[in-house]
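*Asks:* This is the structure I have questions about; it appears just below.
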Amino acid sequence: MDEAPRPSTRLAPAIRDVELFNPPELAPPVGFAHVAAAGELVVLGGQVGSDSSGRVLAPGDIVAQFTKAIRNVATALRAAGSAPEHAVKLTYFVTDLAAYRANLKPIGAAYREVFGRHYPATSLFEVKGLFDPQAMVEIECLAVRVSSHPQPSATSKEGTA
């Protein structure tokens with residue numbers, strides 16, 4: 001006797017609305033969005049130590065680049081209605097692990113300026129290179145937001161293709 005097919009079950013409701021954010025304080029996006037949010041989930045694209053024009057600051061200085069990159073993470077989170085204390089995962093990509101290790105104290109100080117004593121799950125990978133050859137650090141972040149309505153004052157919801 002053939003069994004009747006089982007009805008499928010869903011573990012979570014389907015994500016219907018994805019919001020994209022590109023705060024003006026970050027580099028102009030071309031072919032990507034800095035932040036995507038769906039419901040309470042906030043996903044950041046990689047943030048490097050660049051200014052609002054997209055220029056990587058302090059070539060060769062991993063501490064200065066980390067400082068700007070982690071501040072850019074906070075800017076991106078706030079654009080989507082989240083904040084550093086709502087981060088659940090950080091992923092670091094560095095091009096010079098030895099330089100990163102040699103500068104743990106100032107890097108840690110720069111981190112705490114932004115994230116305080118909040119330490120989410122974290123991974124760090126040494127990579128051969130990043131998209132901008134002068135970038136030494138790139139940081140991705142997963143976070144949550146309490147409200148699905150971001151603060152409109154400093155956000156632009158338009159993605160660029």
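*Asks:* Mind running the shape call on the stretch 19-146? Use the C-alpha gyration tensor, a ≥ b ≥ c as the square roots of the eigenvalues: rounded below 1.5 for a/c, prolate if a/b tops b/c, oblate otherwise.
*Replies:* Oblate, because a/c is 1.5 or more while a/b does not exceed b/c.
*Asks:* Straight-line reach from Lys105: which aspartates and glutamates fall under 20 Å, measuring Cα to Cα and dropping same-chain residues less than 8 apart?
*Replies:* Within reach: Asp61, Asp96, Glu113, Glu126, Glu138.
We did not get these values from a lab; they are worked out from the coordinates using the rules stated. Please read all numbers here as calculations on a predicted model, not as lab measurements.
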